[in-house]
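Structure first, then comments.
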Amino acid sequence: MTAGHPSQALLDRYATEVDLPPDALWAVEVHLDGCAACRARLADAAVDHAPSVGELVDQVWAEVAPVVRAEPPVRRRRWPVLSRWAAPASLPWLLTSVLVPFVAMAMDLIAATLPVDPGRPSVLLLVAPVVPVLGVATSWSRRLDPAHELVGSAPRAGLGMVLRRTLVVLLVVLPPLAVAGVVVGTAPALWLLPSLVVVTGTLTLGAYVGVGPAAVLATVGWVAAVVAPSLVWDGFPAVLGPDTTPVWAVCAVLATIAFVLSRHAFRHPVSYR
Amino acid sequence: MIRTVSAGETAPTTYAWPVQARGLRVRAGRRFAVDGLDLRLGFGVHGLLGPNGAGKTTLIRALATVARPASGHLELLGQAVDSGGDLREVRRGLGYLPQEFGHYRWYTVREFVEYVAWLREVPARDVPDAVQRAIDRVDLTSRAGSTLRSLSGGMLRRVGLAQAVVGDPTLLLLDEPTVGLDPEQRARALELLRDLGRDTCVVVATHVVDDVAAACTDVVLLDAGRVAFHGPVAGLTAAGTGGADPEVGGGVLERGYAALLRRHRDREGSK
């Protein structure tokens, strides 16, 4: 045994249980417990020297096999990665925020056929900065998640989860916005920066009042301050003019800094409303 | 099913009580549902009893770090959580079955428990085993592939239990775990609780006094956000057998429950 593995002769004796002192029996048994190679050698030895053991094994296997094979196959997860990155209940909201740009695009196309003021702002441009916020609301909001008690009490809850869900929302929402913008003829440069500022601002505010309420506040605020006035008075909103880009860039930097400073708040229940 | 025990699991704890609260006040809406509560819970199964609105669910939510204490001191697994400490570390040791067990209807049982295991940061290579063990413990092995929407209310409750115990949390918070279970399953669930109580601090909020007697090592009786009685189940029985009260029906335990509540209210009223 000191050499490591029991000799073939010893295994043969073990298989037939003939003339084997108890201490050797135990030693072989302990070794077999931990050594798959010797178990395989024992199986061969049993076939050669102890046909009764082979019969017994076959008999047991015949009884066990139906049960073992009847075990249902483990189904693979259908959405292995998706649920780690997107909020599981967010699909309806994401679809809505994908639809909004196309609705706005349709309104613009219809308006273009009507004899109205050519200086009139595009509806798509007006709503584009807040469309991503609709999706961001789903990423970290109690009301939109049926399992919010579980999510809110999990160690995974926090900045990392908010960020990866927000990233998914942006990846889903921005391409349709860009496509609709190309169709209408709105330069992405005009709305991309404002929409990122609004998203970052919403998340920062959300760290203290809850991302859901912050998204509502941002949307209502934007509609009241920008969309409604320019639709009512048919004026191009000053905040979306081409010369405001530097201002928006400064805002983006400030919002990002504020967001980084408030990053720890996402672990607390206050941010999850 | 055999599982490797890590060094961390056998290491001695560095805290005396998994749950320790001093003067805890927690808001539910505008009022304080938990109002100046002092409590220390060790390992074992603790039954949380009390009339409707006594603050059981709010206390459980505070222990689950979902509701933030308004004032007072709350320490879970040796970490203070009232002043915004490291919640992440505490939450790794938490298992939680909320009163309203919200779930994703189109997930299968296994997918849902896997998702919770991921949320709970169970190491990825342990997830399949931990999930299977949790599902086996609540007798849902044969339904592991069914979607949650196809399950009955009692089965959903058992999925809730499975997701709470996945990953072997040290502090297990169960809000009415036996609601909707048939008698056989209820007995199995209580057996599971007793089993868990050997190395876990289990807090069970319930309305069923019999559940407490069957599964709990001690009773915490809440009234108006404070602890009216905290002691072994025998204390409840003793209070029930003390004075025969013709007004209150039910068994010894119900009578004990009523007597202890009345005693507490008299004491509070005379202050």
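Based on the Cα gyration tensor of region A:1-48, what are the three equivalent ellipsoid semi-axes, each the root of five times an eigenvalue, rounded to whole Å and given largest first?
14, 14, 9
Positive end of the charge dipole of region B:137-184 (Lys, Arg +1 and Asp, Glu -1 on Cβ, about the Cα centre): tell me which of B:Leu161, B:Leu174, B:Leu151 has its Cα farthest that way.
B:Leu151
Simple spin-label model, 7 Å along Cα-to-Cβ: A:Gln59 to B:Ala70 in nm?
Distance between the two pseudo-spin positions: 7.4 nm.
I'd like the per residue volume of the convex hull spanned by the Cα atoms of the protein assembly as shown, given in cubic angstrom.
254
Take the alpha-carbon centre of region B:203-222, take the same for region B:134-178, and report the distance between them in whole Å.
Between the Cα centre of region B:203-222 and that of region B:134-178, the gap is 20 Å.
Among B:Pro123, B:Pro183, B:Pro12, whose mean-square fluctuation peaks in a Gaussian network model of chain B (Cα, cutoff 10 Å)?
Looking only at B:Pro123, B:Pro183, B:Pro12, the largest GNM fluctuation is found for B:Pro12.
Over the Cα atoms of region B:81-189, how large are the radius of gyration and the largest Cα-Cα distance (Dmax), in Å?
Using the Cα atoms of region B:81-189, the pair Rg, Dmax is 13.8, 44 Å.
Ignoring everything except DSSP H segments at least 4 long, calculate the 222 nm mean residue ellipticity for chain B; use -39,500 (n - 2.57) per segment, divide by total residues, nearest 500.
-11500 deg cm²/dmol
Which Cys in chain A stand alone, with every other cysteine's Cβ at 4.7 Å or more from theirs?
That list is A:Cys251.
How far is helix A:188-209 tilted off the main Cα axis of chain A, in degrees rounded to 10, range 0 to 90?
Tilt relative to chain A: about 70 degrees.
How big is region B:129-271 in terms of Cα radius of gyration and Dmax, in angstroms?
Just the Cα atoms of region B:129-271 yield Rg and Dmax of 17.7, 58 Å.
Can you list, largest first and rounded to whole Å, the semi-axes you get for region B:114-155 by taking the square root of 5 times each eigenvalue of its Cα gyration tensor?
After scaling each eigenvalue by five and taking roots: 21, 11, 8 Å.
Compute the long axis of helix A:91-113 from its Cα atoms, compare it with the longest principal axis of the Cα atoms of chain A, and write down the angle in degrees, 0 to 90, nearest 10.
30
With a 10 Å Cβ neighbour count serving as the proxy for reagent exposure, in which order, fewest first, do A:Trp93, B:Trp106, A:Trp248 appear?
Going from least to most buried by this count: B:Trp106, A:Trp93, A:Trp248.
If you bin every alpha carbon distance in region B:12-150 into 10 Å steps from zero, what whole percent lands in each bin?
The calculated distribution, bin by bin, is 10, 34, 31, 21, 3.
In percent, what relative contact order does chain A have, based on Cα pairs under 8 Å that are 6 or more apart in sequence?
Across chain A, relative contact order equals 20 percent.
Determine the relative contact order of region B:169-271: mean sequence separation of Cα pairs under 8 Å and six or more apart, normalised by residue count, in whole percent.
About 20 percent, as a whole number.
Run through the DSSP bridge list for region B:119-271 and note the antiparallel percent, rounded to the nearest 5.
That works out to approximately 55 percent antiparallel.
Give me the distance between the Cα centres of region B:225-242 and region B:73-127, rounded to whole Å.
One Cα centre to the other: 31 Å.
Given the convex hull over the Cα atoms of region A:153-219, what projected area results after averaging over all orientations, in nm²?
Its average projected convex-hull area is 5.1 nm².
Counting other C-beta atoms within 10 Å, which of B:Thr65, B:Thr14, A:Thr200 has the fewest, and how do the rest follow?
Ranked by crowding around the Cβ, least crowded first: B:Thr14, A:Thr200, B:Thr65.
Using alpha-carbon pairs under 8 Å, 6+ residues apart, how would you state the relative contact order of region B:48-187 in percent?
28
³J(HN,Hα) across region A:173-181 via Karplus (A = 6.51, B = -1.76, C = 1.60, θ = phi - 60°), whole Hz, x for Gly/Pro?
Rounded to whole hertz, the list is 8, 5, x, x, 4, 5, 4, 4, x.
Could you tell me what percent of the DSSP beta bridges with both partners in chain B are antiparallel, to the nearest 5?
55
Under Stokes-Einstein, with the Kirkwood radius over Cα pairs standing in for Rh, what whole-number D in µm²/s applies to chain B at 10 °C and 1.306 mPa s?
Estimated via Stokes-Einstein, D reaches 82 µm²/s.
May I ask you to work out the translational diffusion coefficient for chain A at 20 °C, viscosity 1.002 mPa s, via Stokes-Einstein with Rh from the Kirkwood sum over Cα pairs, reported in whole µm²/s?
89
What do you get for the angle between helix B:252-270 and the principal long axis of chain B? Use alpha-carbon atoms, 0 to 90 degrees, nearest ten.
Value to nearest ten degrees: 60.
Give me the dipole magnitude in Debye, nearest 20, for chain A about the Cα centre, with unit charges on the beta carbon: positive for Lys and Arg, negative for Asp and Glu.
That gives a dipole near 1480 debye.
Looking at chain B as a GNM with Cα springs under 10 Å, which of B:Pro169, B:Pro128, B:Pro51 has the largest mean-square fluctuation?
Result for chain B, Cα springs under 10 Å: B:Pro128 fluctuates most.
With only alpha-carbon atoms in the gyration tensor, what are the semi-axes of the equivalent ellipsoid for region A:104-153, in Å, largest first?
Over the Cα atoms of region A:104-153, the semi-axes work out to 39, 9, 5 Å.
Read the figures in this text as sums done on the coordinates, not as results from a lab. In this text the structure is predicted, and so the values were computed from the model without any measurement. Cβ atoms come from the backbone with ideal geometry, glycine included; neighbour counts cover every protein chain shown.
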